[in-house]
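Asks: Here it is: the structure, laid out below.
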């Protein structure tokens, strides 16, 4: 059975998929799956700082984001 959220999610890292090797870049969309995970919260913080010009051309795999302290 296909997951409806995943079918409609255009975020590079979707919480409904194996995202460990997927690359996500600052400024890209964050999965809207709720409740928010720590990984999604990190992405939102990065995007906020990216909007202020504090991150440039930064990218992480899902597993790197999990390990990163932000």
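Asks: Filter the stretch 54-69 down to residues that are buried (at least 16 other Cβ atoms within 10 Å of the Cβ) and modelled with pLDDT of 90 or more and give me whichever is nearest to residue 22 (Cα to Cα). Outline the logic, then answer.
Replies: Quick first cut of the stretch 54-69, residues buried (at least 16 other Cβ atoms within 10 Å of the Cβ) only: 55, 60, 62, 65.
Of the ones still in play, those that are also modelled with pLDDT of 90 or more are 60, 62, 65.
Working: 60: 8, 62: 6, 65: 11 Å.
My answer is 62.
Asks: I would also like to ask the following. For the stretch 35-53, what are the residues that are surrounded by fewer than 13 Cβ atoms within 10 Å (Cβ to Cβ), free of Cβ contacts under 8 Å to residues at least 24 places away in the same chain and either on the phi > 0 side of the Ramachandran plot or touching a helix residue (DSSP H, G or I) at 6+ places or on another chain (Cβ under 9 Å) (or both)?
Replies: 53 - this is the single residue of the stretch 35-53 that is surrounded by fewer than 13 Cβ atoms within 10 Å (Cβ to Cβ), free of Cβ contacts under 8 Å to residues at least 24 places away in the same chain and either on the phi > 0 side of the Ramachandran plot or touching a helix residue (DSSP H, G or I) at 6+ places or on another chain (Cβ under 9 Å) (or both).
The values are calculated or read from the model by the stated rules, or taken from the named source; none is laboratory data. Note that the structure is predicted; figures quoted are calculated from it, not measured. Cβ sites come from the backbone with ideal geometry, for glycine too, and all protein chains shown count toward neighbours.
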